[in-house]
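Before any comments, here is the structure.
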Amino acid sequence: MALCKRRGFIYQASEIYGGINGFWDYGPLGAQLKKNLREAWWEDMIMRPAWGQNGPNGSRVRCLPLETRIVQHPKVWEASGHVGGFNDPMVDCRETKSRYRYDHVSVYVPAEGDAGERPLFAYMKDSPSEAKQLKKAEKAFGATKTVMLTTIAVTDFVKVLGPDAEKVGTLTAPKQFNLMFKTFIGATAGEDDTAYLRPETAQGIFVQFKNVVDTNRIKVPFGIGNTGTSFRNEVTPRNFTFRSREFDQMELEFFCHPDESQAWYKFWRDFRMEWWKSIGLAGDNLILREHEKDELSHYSTGTSDVEYRFPFTAPGFGELEGIAHRGNYDLTQHQTHSKVKLEYNDTERGELLPNGARRGERYLPHCIEPAAGLDRGVLAILCEAYTKDESRPSPEFMKFHPRVAPVKAAVFPLVAKDGMPEVAEKLHTELTDKFWRLGAIDFDEKQTIGKRYARMDEAGCPYCFTIDGDTLTQHTVTVRDRDTGTQSRIALDKVASFLTEKLGL
Ligand code: GAP
């Protein structure tokens, strides 16, 4: 977090006013990193979906983009279930005024038998309360075991010692908090004009499904992608940007025939895992976790999460993206609530008529939803890239995959004299004109060359090119590799092609 602030990746929103809980801004390096990640998603999910592979139907995967608004008709959120059910149950502590997610509170109880008059010791996993309460529980019970607070009757909360409390019985009964932000439409609006800021980008896709089908020559199976900002009034925003109140999502709804839906579910689940690996999250920190049957929504026949081992979840993992088989739940809901028919007429299926034509099969397509968090993706990439190596002159460096690195290269004159700045500026202009779409090309002539390399290491710039005395006589430059710190020489006129190759273009 310190490096993110110091180098301009992420700032606290409204920092000069003391900040605002759950909101974060991106500095110049962070804004470019986030743009690169969003574009990588757009290219690999919309422009050339799944890297041009064939899907389980044997044809190339087809997807279209869409951009829908943050404010939708309030009925959208009734149909989607967010008005009625998008709640987090919370318990408050009357003594410490802390608020906890009801289903996240654990409790130490005796390993066997009843606690009798002794208290039960509540704690939050991976917080200081875990060790503190364990000590007390072992003193009270000897052998202990953990149960979830949700398994303890609310009438027995009088026996529970809250995670950070001194007195027993201070936890309240759980209360529901709706996570949707409310707003009012119109300058003279009242309660009747309530609308919501979207809690997910996905619903905009279902609501425009019919328009997309009617106005494009696209046939099921196909996907619609939507990216943008979502809002959730999280009760406990925390872990840097991991759980924010305003964040960006990148969601695809892939519509297919029910018979093919399991194959498409597996296809997208596996591809999404490979995709996160391809942009630099390869290794032990990334897992694909298939949900157990009892974790699934009633309409879902399969959900997997791509999970990343964030420093604050380690040794556990935190969700980066969910890939859900949603059946035809959402289209059914919107069809019922809007009373507009959303059925798809599949002219490649259905009854063959005696004249050789097909009647067409009408159905509500099933939907596979890979739903990724853009800010969470940026956070995972920052965590993965952060590398410490005390043996280097720059002990902290950011090992970004070249595709997402915000600065692609830097050009330095070794000293700001003897004609070196002029040659360096010319090279800087040449590289900027060639690579500006992908990210910044930095130019720096201040401080020692070692300090300039260290600065670029912290920005995660993969290659630095230094113009020195030999450049003027032999037309070669020094290339420094961020990850190894090694230096080599290449021809001045080959720098652009070197970078093209190294950036994998
Ligand atoms: N349409 C399905 C949907 O929205 P979700 O699992 O609630 O599913 C998808 O959200 C992704 O959005 C998550 O995997 C996560 O990356 C991101 N996300 C959700 N809530 C977030 C929050 N409060 N802050 C940052 N990212 C969040």
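The values are calculated or read from the model by the stated rules, or taken from the named source; none is laboratory data. Quick caveat: nothing in here was measured; it's all calculated off a predicted structure. Don't worry about glycine lacking a Cβ; one is built from the backbone with ideal geometry, like all the others, and counts go over all protein chains shown. With ligands, DNA and RNA removed, areas are computed over all heavy atoms of the protein, side chains included. Shrake-Rupley method; radii C 1.70, N 1.55, O 1.52, S 1.80 Å.
Points to keep in mind about this one:
- Of the residues 189, 195, 165, 173, the single one that is aliphatic (A, V, I, L, M), within 30 Å of residue 249 (Cβ to Cβ) and assigned to a loop (DSSP other than H, G, I, E, B) is 189.
- Residues that are in contact with a Ser or Thr (Cβ under 8 Å, 6 or more places away or on another chain) and away from the ligand (no atom under 16 Å from the Cβ), drawn from region 186-208: 194, 195
- Enumerated strands (runs of 3 or more DSSP E) restricted to region 360-429, each holding at least 2 residues that are more than 16 Å from the ligand (Cβ to nearest atom): 361-363, 386-388, 396-398, 407-413
- Residue among 146, 155, 150 that alone is open to solvent by less than 80 Å² (accessible area, probe 1.4 Å), of a type in the set (Val, Ile, Thr) and in a helix (DSSP H, G or I): 150
- Contacts under 8 angstrom Cβ, first residue in region 32-58 being closer than 20 Å to residue 402 by Cα, partner in a helix (DSSP H, G or I) and β-branched (Val, Ile, Thr), 6 or more apart: 33/378; 33/381; 34/378; 37/279; 37/378; 37/381; 40/279
- Which numbered condition residue 271 misses (of (1) open to solvent by less than 50 Å² (accessible area, probe 1.4 Å); (2) modelled with pLDDT under 95): (2)
- Check on residue 349, in contact with a strand residue (DSSP E or B) (Cβ under 6 Å, 6 or more places away or on another chain), open to solvent by 10 Å² or more (accessible area, probe 1.4 Å) and assigned to a strand (DSSP E or B): no
- Check on residue 241, outside any strand (DSSP E or B) and hydroxyl-bearing (Ser, Thr, Tyr): yes
- Of everything in region 367-404 that is among the acidic types (Asp, Glu) and under 24 Å from residue 464 (Cα atoms), the residue that is surrounded by the most Cβ atoms within 10 Å (Cβ to Cβ) is 384.
- Residue within region 277-286 that is assigned to a strand (DSSP E or B) and either open to solvent by less than 40 Å² (accessible area, probe 1.4 Å) or away from the ligand (no atom under 13 Å from the Cβ) (or both) present: yes
- Counting only residues that are surrounded by 15 or more Cβ atoms within 10 Å (Cβ to Cβ) and either among the polar types (S, T, N, Q) or under 26 Å from residue 456 (Cα atoms) (or both), region 11-29 holds 7 of them.
- The single condition among (1) touching a Cys at 6+ places or on another chain (Cβ under 8 Å); (2) over 11 Å from residue 108 (Cα atoms); (3) open to solvent by less than 50 Å² (accessible area, probe 1.4 Å) that residue 174 does not satisfy is (1).
- Qualifying residues in region 330-345 (those that are touching a strand residue (DSSP E or B) at 6+ places or on another chain (Cβ under 8 Å) and open to solvent by 10 Å² or more (accessible area, probe 1.4 Å)) - the one farthest from the ligand (Cβ to nearest atom): 345
- When we screen 211, 226, 239, 233 for residues that are more than 12 Å from the ligand (Cβ to nearest atom) and among the polar types (S, T, N, Q), the only hit is 211.
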